[in-house]
Amino acid sequence: METGMDFIHSSGVQMTRYLQENHQGSQGWFLFISFAADLRNTFFILFPIWFHLCEAVGVELIWVAVIGDWLNLVFKWILFGQRPYWWVRETGYYGNASIPVIQQFPVTCETGPGSPSGHAMGSAGVCYVMVMALLSTLRRRRRSPFQQQCLRGALWMSFWGVQVSVSLSRIFLAAHFPHQVLTGVVSGMAVAAAFRHIPSIYNASLRRYLGTTLFLFSFALGFYLLLKALGVDLLWSLEKAKRWCDRPEWVHIDTTPFAGLLRNLGILSGLGLALNSQMYLESCKGKMGQQLPFRLSCIAASLLVLHLFDSFKPPTKVELLFYVLSFCKSVAVPVAAAGLIPYCVARLIRRQEEKVL
């Protein structure tokens, strides 16, 4: 079994070398795609846009992204997947032959295990939700069957184009092996498809949100502590990242498993707080919430405020403080986008209307 995995890993390293040697001119594109596929952009960009255009899709995006990334963490802890940039330097597979040289980049040295790819899984899940939402809109429009088929084909071609681009970028950057991005895409689509059959997420109470958050955190922490008591260190990959990364500054604390976990749980609990707040009820759920100018104003204001908010980076010197501030920052994102900003926009519009009268 080990020889078989070594062969799969070595084949993946060869693909990374091929991409780096023959597509070096596409380095900027691959770096951009990898950045765009980060779930942070789902929370700071896609969520406020979709939430104010179609609230149900925005809510679904958060649930799919958070639960999908939580499952990704659990899978990674179970599968103990290697990453190309460290595997190639410590394996004995090559024997006396020369070890392949693969290039590293500032985003290569992620610290968690490699299987399945979180970027591929998150991108597949989020894009699947958006494609299905657009297809639902397409069905309601009166178009000829030929036009509908063409539009459906264009949407799915775009979906697979994004997934191929994300997968190739992760392989090019030596962050993942090909089989890891493939399992990531399949897993992400499966999570998104499953949530289409869970309508309860659209009207979940604050208690449901907080209960889910507590369960996800308790399960992950309990799983970690249990295996640690049995002598299994689930943070084994962090030592490998620090040892084999070309530059120490490329190893970021925000790529550690618990950093991602707390960020996602903060987003989920923040969404629960926002959707069950008086601010949300008085703005998005009122008559004004049905008006397109109000929605567009909320989108513009949310994107601006969240962009400024994202520029705040919690200090990394004290690890516990970083985790606490990261969680609080994540809670504030949906609270601002779905609660505070719509409330402020609604009050401003009402004041303008009163002045006109």
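The values are calculated or read from the model by the stated rules, or taken from the named source; none is laboratory data. What you see is a predicted model, and the numbers here were worked out from it, not measured in a lab. Please note: Cβ atoms are built from the backbone with ideal geometry, for glycine as well, and neighbour counts cover all protein chains shown. Note: accessible area is taken over every heavy atom of the protein model, side chains too, but ligands, DNA and RNA are not part of it. Shrake-Rupley method; radii C 1.70, N 1.55, O 1.52, S 1.80 Å.
Checking each residue in segment 290-342 for being open to solvent by 60 Å² or more (accessible area, probe 1.4 Å) and among the aromatic types (F, W, Y) picks out F309, F312, F327.
H252 meets the stated requirement of being modelled with pLDDT under 95, open to solvent by 30 Å² or more (accessible area, probe 1.4 Å), of a type outside the set (D, E) and over 19 Å from Y128 (Cα atoms). When residues in segment 78-95 are screened for being in a helix (DSSP H, G or I), more than 18 Å from L182 (Cα to Cα) and open to solvent by 10 Å² or more (accessible area, probe 1.4 Å), 3 of them pass. Collect the residues in segment 30-66 that are more than 10 Å from the chain's Cα centre (by Cα) and closer than 30 Å to K240 by Cα, keeping them in residue-number order. F30, L31, F32, I33, S34, F35, listed by residue number. Under the condition of being open to solvent by 70 Å² or more (accessible area, probe 1.4 Å) and either among the hydroxyl-bearing types (S, T, Y) or outside any helix (DSSP H, G or I) (or both), the residues counted in segment 142-157 number 2. Please tell me if F75 is outside any helix (DSSP H, G or I) and closer than 24 Å to L238 by Cα. Considered against the rule, which asks whether it is outside any helix (DSSP H, G or I) and closer than 24 Å to L238 by Cα, F75 comes out as no.
The set of residues in segment 178-204 that are within 20 Å of A56 (Cα to Cα), polar (S, T, N, Q) and open to solvent by less than 60 Å² (accessible area, probe 1.4 Å) contains only S200.
Within segment 266-278, the residues that satisfy the criterion of being under 27 Å from the mean Cα position of the chain (by Cα) and surrounded by fewer than 22 Cβ atoms within 10 Å (Cβ to Cβ) are L273, N276, S277.
Residues that are within 22 Å of the chain's Cα centre (by Cα) and surrounded by fewer than 14 Cβ atoms within 10 Å (Cβ to Cβ) within segment 212-237 comprise L214, F215, S218, F219, L221, listed in sequence order. Of everything in segment 24-37 that is of a type outside the set (A, V, I, L, M, F, W, C) and touching a residue at least 40 places away in the same chain (Cβ under 8 Å), the residue that is least open to solvent (accessible area, probe 1.4 Å) is S34. Go through the residues of segment 96-114 one by one and say whether even a single one is open to solvent by 10 Å² or more (accessible area, probe 1.4 Å), of a type in the set (S, T, N, Q) and modelled with pLDDT under 95. Yes: one or more hits. If the condition is being touching an Asp or Glu at 6+ places or on another chain (Cβ under 7 Å) and either surrounded by fewer than 22 Cβ atoms within 10 Å (Cβ to Cβ) or of a type in the set (D, E, K, R) (or both), then segment 38-77 contributes only F44.
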